[in-house]
Amino acid sequence: MEEKVLMKGNEALAEGAIRAGCRHYFGYPITPQTEIAAYMSRRMPHVGGIFLQAESEIAAVNMVLGAASAGVRAMTSSSSPGISLKSEGISYLAGSDLPCVIVNIQRAGPGLGGIQPSQADYYLATKSPGHGDLHMLVFAPSTVQEMADLISHAFNKADEYRVPAMILGDGMLGQMMEPVILPAEREVKTSKPWAANGHQNKRPHNIINSLFLEADILENRILDRYKRYAVIEHNETRAENFMTDDAKILIIAYGASARIAKSALTAARKEGIAAGLLRPITLWPFPVKEINAAAENARDILTVELSMGQMVTDVKLAVQGRRPVHFFGRTGGMMPTPEDVLEEIRKIERNGSI
Amino acid sequence: MKVVYEKTSALTDQTLSYCPGCTHGVIHKLIGETLVELDVLGRTVGIAPVGCSVLAYNFFNVDMVQAPHGRGPAVATGLARSLPDGVIFTYQGDGDLAAIGTAETVHAAARGENIVIIFINNAIYGMTGGQMAPTTMPGQMTQTSPYGRDTATAGYPVRVCEMLATLDGVAYAERVAANTVPNIRRAKAAIKRAFENQVARRGFSIVEVLAICPTNWGMTPIDSISWLTEHMIPYYPLGVYKDKHAENTGGGGV
Ligand SMILES: Cc1ncc(C[n+]2csc(CCOP(=O)(O)OP(=O)(O)O)c2C)c(N)n1
Ligand code: SF4
């Protein structure tokens with residue numbers, strides 16, 4: 001049954017996962033995502049699920065690998081330093097064609113960094129989640145509602161394409177409270193004939209594996225996987241358009257920075273500046289056609305991120321020099337105010353394209 | 001014609017990738033026979049490590065998962081928690097289990113995961129060409145201890161069964177050796193006991209098998225067997241280090 005409740009982003013995500021049929025959660029505590037683990041430890045015993053606090057993020061992601069091999073919906077969650085540790089497992093998950101969900105509620109790095117919100121793991125999520133040629137689906141919620149909704153979408157798409165999926169949130173989304181309509185619990189029945197769940201003496205043995213010692217065979221496996229990636233890139237991009245129709249200054253921002261950008265551009269509109277926002281919801285696949293459509297009538301593009309500028313490289317690649325791409329960001333856990341972003345918009349408006 | 005010996009149906013027809021004289025083959029056979037005797041082939045999932053036995057997923061006629069180096073016990077945990085009727089085992093070398101995978105091993109044991117670990121202690125890293133392992137003997141020459149393992153700088157070998165036996169989560173820990181016919185029979189009994197524990201949901205069982213690596217030890221298989229007997233067994237005494245349910249079955253302790 002659908003219900004409307006007031007929840008923290010992290011808790012909404014956890015409840016969304018349970019309602020999407022996830023009964024296997026493995027994690028290791030780290031701020032600012034620990035509410036997910038705490039919520040799972042409370043709820044899983046009541047829904048016949050498994051909550052397990054692993055000895056490390058490495059162990060947790062490998063428990064996910066085991067559970068995903070068995071064919072169940074499994075997830076882990078962490079924050080930036082823990083995601084570095086999960087890279088090995090993510091690479092094996094991708095190389096073994098295993099569906100699962102990994103949540104990164106980003107905090108500032110590098111190193112131990114800080115515990116304030118950040119978007120500095122964009123490259124880690126979209127460019128280099130682990131060694132080798134691989135991708136994973138990356139979804140970027142920007143409201144508590146989306147924390148609950150996208151996790152279920154992530155499980156569905158991971159199963160559909162047999163790829164790992166990531167929810168890339170940040171400390172602000174994880175910690176803030178908003179009203180959320182929780183989706184009704186759904187029964188999931190995905191057929192997984194490839195799973196290593198015991199052949200019951202009825203079929204040949206299944207092997208979950210990423211090792212292929214003959215280079216030509218490995219290349220072919222990767223090429224096959226890239227064909228699937230191409231379908232994903234074609235079919236699965238998602239973005240929100242906010243006042244983009246007549247926008248001369250097109251802001252591109254996701255997650256928490258998109259919320260700040262929205263406030264800034266609403267204020268800019270009051271000053272007569274035609275600003276709009278294109279908010280990527282999928283970061284991989286990157287919404288290239290959505291960006292180009294929104295940029296059609298724009299004069300300038302401004303990318304806003306909580307980092308030194310990572311997604312901005314994809315924006316530049318998307319528009320291929322057809323529009324000037326500006327960047328504004330704060331890092332280290334510092335949050336720009338809407339006024340800061342508004343000032344950037346004014347500057348671009350004043351200077352025109354240079 | 002009377003059949004006097006048959007390959008166990010738990011092993012596929014794939015040619016084993018192991019060197020001539022290597023003990024991995026005989027240990028595979030013992031596991032296979034056990035799975036058939038317990039009639040659990042259909043609900044078993046095995047986990048291949050990174051090491052010489054990485055290709056074990058081709059050899060066992062059960063569903064198999066290839067785990068990242070050392071992570072077998074974590075992968076096994078995920079499988080065991082997802083398959084309530086599953087029989088889950090890992091097969092791991094000493095680098096895999098006692099170096100890179102120490103944390104995963106110790107914590108799977110501490111949680112009392114309902115899994116079996118077959119731990120192959122051959123005192124060396126076989127697959128990568130014979131480097132020092134955590135179980136390499138003091139003074140033993142390897143590619144990365146060319147003057148012999150110097151305990152002053154490289155420390156001491158890890159005795160896995162003794163260490164794990166201190167954990168309450170462990171139901172069963174026994175060290176056996178693949179050096180003589182009687183010892184191989186004992187190894188079989190230990191492996192069977194471990195899998196029986198799992199079928200009865202008694203928690204974590206480990207069987208450490210002292211094994212040889214003629215290729216990287218630089219010896220003939222026969223000399224290797226003697227070396228195992230003379231050098232390894234005194235440092236790694238054979239026996240049952242823990243058997244929580246021994247009183248039910250008459251099993252013994254060291
Ligand atoms: C993360 C990682 N580090 C290192 C390696 C290289 N490597 C492959 S096998 C191996 C050692 C295996 O030795 P052991 O576990 O003793 O098994 P054996 O080959 O002797 O059976 C190493 C270090 C790897 N594959 N992955
Ligand atoms: S390298 Fe050593 S352990 Fe590996 S197969 Fe050859 S003999 Fe066996």
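In the assembled protein chains, residue B:41 presents an accessible area of approximately 20 Å² (probe radius 1.4 Å). Over chain B, all Cα pairs binned in 5 Å intervals from 0 give whole-percent P(r) values of 1, 7, 14, 19, 21, 17, 12, 6, 2, 1, 0, 0, 0, listed from short to long.
Roughly how many Å² is the accessible area per residue of segment A:117-191, as a whole number, for a 1.4 Å probe? List each step's numbers first, then the result.
Details: 2550 Å² over 75 residues.
Here the residues of segment A:117-191 average 34 Å² of exposed surface.
Relative to the Cα centre, the charge distribution of segment A:240-351, modelled as +1 at Lys and Arg Cβ and -1 at Asp and Glu Cβ, gives a dipole magnitude of about 100 debye. Here the sum of -39500 (n - 2.57) over DSSP H runs of 4 or more residues, divided by the residues of chain A, equals -13000 deg cm²/dmol at 222 nm, to the nearest 500.
Once R0 is set to 60 Å, what does the formula 1/(1 + (r/R0)^6) return for the Cβ-Cβ distance between residue A:200 and residue A:351, expressed as a FRET efficiency to the nearest 0.05? Numbers along the way, then the final one.
Details: r = 69 Å, r/R0 = 1.16.
Working from the Cβ atoms, E equals 0.30.
For the residues A:126, B:229, a 1.4 Å probe over the protein chains yields an accessible-area ranking, largest first, of B:229, A:126.
Listed by chain and number, the aspartates and glutamates placed with their C-alpha closer than 20 angstrom to that of residue A:202 are B:13, B:33, B:37, B:39, B:63, B:85; residues fewer than eight positions away on the same chain are left out.
Which whole number gives the average, over all residues in A:209-219, of C-beta atoms from other chains lying within 10 Å of the residue C-beta? All intermediate terms of the calculation are to be shown ahead of the outcome.
Details: counts 9, 2, 6, 0, 3, 0, 0, 0, 0, 0, 0.
Across A:209-219, the average partner-chain Cβ count within 10 Å equals 2.
Dividing the Cα radius of gyration of chain A by 2.2 N^0.38 Å, with N the residue count, gives 1.00.
Can you give me the C-alpha center-to-center distance between segment A:84-131 and segment A:165-180, rounded to a whole angstrom? Distance between centres, Cα-based: 16 Å. In vacuo Debye scattering of segment A:243-322, one point per C-alpha: log10 I(q)/I(0) at q = 0.16 Å⁻¹? Rounded to two decimals, the profile gives -0.52.
Computed from point charges on the beta carbon alone (+1 for Lys and Arg, -1 for Asp and Glu), the dipole magnitude for the protein assembly as shown about its Cα centre is near 460 Debye. Straight-distance candidates among the lysines for linking to residue A:227, with alpha-carbon spacing under 16 Å and chain neighbours fewer than 8 residues away dropped: A:157. Straight-line cross-link reach from residue A:189 at under 17 Å between alpha-carbon atoms covers these aspartates and glutamates, not counting any fewer than eight positions away in the same chain: A:159, A:160. To the nearest 10, the accessible area of residue A:224 is 90 Å² with a 1.4 Å probe.
Taking all protein chains together, A:194, A:284 sort by accessible area into A:194, A:284, largest first [probe 1.4 Å].
Taking segment A:21-53 and a reference point 7 angstrom along Cα→Cβ of residue A:112, the backbone N atoms nearer than 19 Å belong to A:28-34.
Within the protein assembly as shown, what percent of beta bridges assigned by DSSP are antiparallel, to the nearest 5? Walk me through the intermediate numbers first.
Working: 20 of 81 bridges.
Antiparallel bridges make up about 25 percent of those DSSP assigns within the protein assembly as shown.
Burial annotation for segment A:4-24: residues with an accessible-area loss of at least 10 Å² between the isolated chain and the complete set of protein chains, computed on heavy atoms with a 1.4 Å probe, are A:24. Longest segment of chain B with no trypsin sites (Lys or Arg not before Pro) in a DSSP loop having at most 11 other Cβ atoms within 10 Å? With trypsin sites (Lys or Arg not before Pro) excluded where exposed in loops, chain B gives B:8-200 as its longest stretch. Distant-in-sequence amide contacts of residue A:240, defined by a placed amide H-H separation under 5 Å and a gap of 5 or more residues or a different chain, comprise A:279, A:281. Surface listing: A:3, A:88, A:233 arranged by accessible area from highest to lowest gives A:233, A:3, A:88, probe 1.4 Å. Rounded to the nearest 10 square angstrom, residue B:161 shows an accessible area of 0 square angstrom against a 1.4 Å probe.
The values are calculated or read from the model by the stated rules, or taken from the named source; none is laboratory data. This one's a predicted model, so the numbers in the text were calculated from it and none came from an experiment. FYI the Cβ positions are ideal-geometry reconstructions off the backbone, even for glycines, and counts take in every protein chain you see. Note: accessible area is taken over every heavy atom of the protein model, side chains too, but ligands, DNA and RNA are not part of it. Shrake-Rupley method; radii C 1.70, N 1.55, O 1.52, S 1.80 Å.
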